[in-house]
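Taking it in order: structure first as structure tokens, then the write-up.
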Amino acid sequence: MSRGKTYRFKQHSVLPGFGLAMGFTLVYLGLIVLLPLSAAFVKTATLSWAQFWDTVTAPRVLASFRLSFGASLLAAVINTVFGLLLAWVLVRYRFPGKRIVDALVDLPFALPTAVAGIALTAIYSGNGLIGQWLQPLGIKVVFTPLGVLVALIFIGLPFVVRTVQPVIEDIEAEIEEAAATLGASRWQTFARVIFPTILPALLTGFTLAFARAVGEYGSVIFIAGNMPMVSEIVPLIIITKLEQYDYAGATAVAVVMLLVSFLFILVINLLQWWSRKRYTNLD
Amino acid sequence: MSIEVRNIRKSFDEFKAVDNVSLDVPTGELVALLGPSGSGKTTLLRIIAGLEQADSGEVLFHGEDATSAHVSERKVGFVFQHYALFRHMTVFENVAFGLRVRPRRVRPSEEKIREKVHELLQLVQLDWLAGHYPHQLSGGQRQRIALARALAVEPKVLLLDEPFGALDAKVRKELRAWLRRLHDEVHVTSVFVTHDQEEALEVSDRIVVMNQGRVEQIGSPEEVYSRPATPFVFGFLGNVNVFHGRTHDGWLQLGDARFEVPDGTDARDGAALAYVRPHEIEIERFSPGAKGITAQLQRALVVGATARLELEREDNAQIIEAELPEHRFRQLALKAGETLILRPRELRVFHDHAAS
């Protein structure tokens, strides 16, 4: 009997329990993630194709898609840049109050999103702490897409900082010293040696911040003002439809949102996989 | 290019890591900084490289003051104990790094870079690993790549910080001999830090022995080993027996035995320490009236060509180590428990500051 090349799922391990663990994982994922999501698809299927198309291409819905994904992407990009900076400062420098700053980073995680929304609205409104200075410059934050962006930046920040921080901590000083002795400038050392090491974690942080921003509801609705065609986000559209007992319409919008988000995350994950393969060869 | 170090001092908080050290390394020499951990040797090396700033003092390269020059301008090659290879780059890219980061004006063409990298990889005999990543290499291979990377920028000075410290004994010995050959080939002024006396003695042209942030002695391996300038150097390089005694009028009294103090030693009258290497002890069977230190043979161990004897002094029970050539040991046919007479062939006497 010839032994063909068989693909082995199971690899030998000193810890037994592959079957049980794998089975549990699948059931758990199915129950917690797949079942509710497929329910959305099932409900959507009650619509005819034409009804579905009309629902999701309504101008108001399209505008909300643009806002939600646009603002989320932009917020994730901004968070990636400044989150990296923040993580870098927290790891590399010693300054009084560092622990407090470090704890502050987690605050957007812990705060109820509605509280965050109300606070942001109060601060950025025309007579608010920051708003009163922006108003004369002609910058209106509250009840505009800019307000949506501010809220999404706020809630997404910890994701980038917390994923990148441990990776920066792991970079040995010797690596930078080696680059310096080889004649690299500070910028070259960062760009060619440090950045490639951080990149996979940075992409993870970006994905998390983006995913969180797309689904964010509580903090946004207060500051957005929710004007149709201007500052209405997708989750709000879904809620509105639900309140009008348009369940199928709500799930139709949700399904589109789900697919687009899935596509985004898939692409980012591919990028990440590629960069991990290319840039980090862990010992 | 020569290196001059002038009155370097460096403290970390209260700890004096380098305490007023001056040092000359002539062009093309391979110098070892040897000392126990905490002796300041690595700090001194890092100050020479510019990775650490001295509190005071100067570093001169070829007579030019480099004290305030940034690391990247000093043209030093630095090899780290733990290799510090860029793990997201292939071996080839690691070695090419120093060439690629040059300003566009002086950056070699891609073709030149490839040529140079392969040349260096051939020099370290690892050309076949060009496409591998650091994590695929053994420790010894990684260190050789690190060396090739450091040499790629054609450094004026090569600095190695415990380059073989993380490797196992056998690889270490091989690399040691290899480094010496490499140095004879490329002749770049080199300083390497080690705490391994054997390594220092075997590889270097000159040894700088450091202790507690100070230089104890500078000299050729032969000089440092056979004519140690201080008790510390004596104890640090090779095994040594220390005898406590007294000097008076050019004679050293050790218990009942008396020895002439050799010329050229600091032998003020008073308490003294006498240092004798194990292989510089003459041994014979006890006979009444024979002059020397009386001791009893406790254990004898033949290792290769030498016999190591452990002896106990009769008068104060001090343990003395002695070494004999194996054939001489057989000739004498010594047995444990026998009483012997010891006479140092060479001894160095230092004034005992602690006891007087």
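The values are calculated or read from the model by the stated rules, or taken from the named source; none is laboratory data. Just so it is clear, the model here is predicted, and its values are computed rather than measured. All Cβ positions, glycine included, derive from the backbone under ideal geometry; neighbour counts span all protein chains shown. In case anyone asks, the SASA skips ligands and DNA or RNA and just uses the protein heavy atoms, side chains included. Shrake-Rupley method; radii C 1.70, N 1.55, O 1.52, S 1.80 Å.
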Looking at A:ALA191, A:ALA179 in this structure, which one is under 21 Å from B:VAL106 (Cβ atoms), without any contact (Cβ under 8 Å) to a residue 40 or more places away in the chain, within 12 Å of chain B (Cβ to nearest Cβ) and in contact with a helix residue (DSSP H, G or I) (Cβ under 8 Å, 6 or more places away or on another chain)?
A:ALA179
Say we look at segment A:224-281 and pick out the residues that are β-branched (Val, Ile, Thr) and closer than 30 Å to B:ARG87 by Cβ; which of these is nearest to the other protein chains (Cβ to nearest Cβ)?
A:THR280
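Within segment B:154-177, is even one residue assigned to a helix (DSSP H, G or I) and touching a residue at least 60 places away in the same chain (Cβ under 8 Å)? Give the derivation first.
We begin by selecting, within segment B:154-177, every residue assigned to a helix (DSSP H, G or I); these are B:169-177.
With the extra rule that they be touching a residue at least 60 places away in the same chain (Cβ under 8 Å), the set shrinks to none.
No, segment B:154-177 has no match at all.
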Any hit, segment B:82-91, residues being more than 9 Å from every other protein chain (Cβ to nearest Cβ) and in a loop (DSSP other than H, G, I, E, B)
yes
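Would you check if B:VAL79 is within 14 Å of chain A (Cβ to nearest Cβ) and buried (at least 21 other Cβ atoms within 10 Å of the Cβ)? Quick ask: steps written out before the conclusion?
Working: within 14 Å of chain A (Cβ to nearest Cβ): yes; buried (at least 21 other Cβ atoms within 10 Å of the Cβ): yes.
Criteria met by B:VAL79.
Scan segment B:118-135 residue by residue and report those that are more than 31 Å from the chain's Cα centre (by Cα) and within 13 Å of chain A (Cβ to nearest Cβ). Steps first, please.
Looking only at segment B:118-135, we keep the residues that are more than 31 Å from the chain's Cα centre (by Cα), and these are B:118, B:128-133.
Passing the criteria: B:GLY131, B:HIS132, B:TYR133.
B:HIS62: open to solvent by 10 Å² or more (accessible area, probe 1.4 Å) and within 13 Å of chain A (Cβ to nearest Cβ), yes or no? Working first, answer last.
Numbers: open to solvent by 10 Å² or more (accessible area, probe 1.4 Å): yes; within 13 Å of chain A (Cβ to nearest Cβ): no.
Against the criterion (open to solvent by 10 Å² or more (accessible area, probe 1.4 Å) and within 13 Å of chain A (Cβ to nearest Cβ)), B:HIS62 does not qualify.
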Within segment B:334-356, residues open to solvent by 50 Å² or more (accessible area, probe 1.4 Å) and among the aliphatic types (A, V, I, L, M) come out as B:ALA336, B:ALA354, B:ALA355
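Look through A:LEU37, A:LEU73, A:LEU31 and report the one residue that is assigned to a helix (DSSP H, G or I) and under 14 Å from A:VAL148 (Cα atoms). Walk me through it before giving the result.
Numbers: A:LEU37 fails: under 14 Å from A:VAL148 (Cα atoms); A:LEU31 fails: under 14 Å from A:VAL148 (Cα atoms).
After applying the criteria, what remains is A:LEU73.
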Mind checking whether some residue in segment A:126-141 is more than 15 Å from A:GLY218 (Cα to Cα) and touching a Ser or Thr at 6+ places or on another chain (Cβ under 6 Å)?
yes
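Kindly indicate whether any position in segment A:40-52 is within 21 Å of A:SER261 (Cα to Cα) and free of Cβ contacts under 8 Å to residues at least 12 places away in the same chain.
Pass one, segment A:40-52, residues within 21 Å of A:SER261 (Cα to Cα): A:40-45, A:52.
This time we only want the ones that are free of Cβ contacts under 8 Å to residues at least 12 places away in the same chain, so: A:42, A:45.
Yes, that holds for at least one residue.
Answer yes or no as to whether B:SER72 is within 14 Å of another protein chain (Cβ to nearest Cβ) and hydroxyl-bearing (Ser, Thr, Tyr).
Numbers: within 14 Å of another protein chain (Cβ to nearest Cβ): yes; hydroxyl-bearing (Ser, Thr, Tyr): yes.
When the stated conditions are applied, B:SER72 passes them.
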Matching residues in segment B:236-272 - criterion: being within 30 Å of B:VAL31 (Cα to Cα) and either modelled with pLDDT of 85 or more or open to solvent by less than 40 Å² (accessible area, probe 1.4 Å) (or both):
B:PHE236, B:LEU237, B:GLY238, B:VAL240, B:ASN241, B:VAL242, B:THR265
All but one of (1) more than 14 Å from chain A (Cβ to nearest Cβ); (2) more than 28 Å from A:GLU172 (Cβ to Cβ); (3) touching a Leu at 6+ places or on another chain (Cβ under 9 Å); (4) in a loop (DSSP other than H, G, I, E, B) hold for B:MET1; which doesn't?
(3)
Residue identified as open to solvent by 80 Å² or more (accessible area, probe 1.4 Å) and without any contact (Cβ under 8 Å) to a residue 24 or more places away in the chain among A:LEU104, A:LEU74:
A:LEU104
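Results for (1) at pLDDT 90 or above; (2) among the hydroxyl-bearing types (Ser, Thr, Tyr), shown as yes or no for each residue.
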position	(1), (2)
B:SER68	no, yes
B:ARG87	no, no
B:ALA96	yes, no
B:VAL106	no, no
B:LYS116	yes, no
B:ASP127	no, no
B:GLY140	no, no
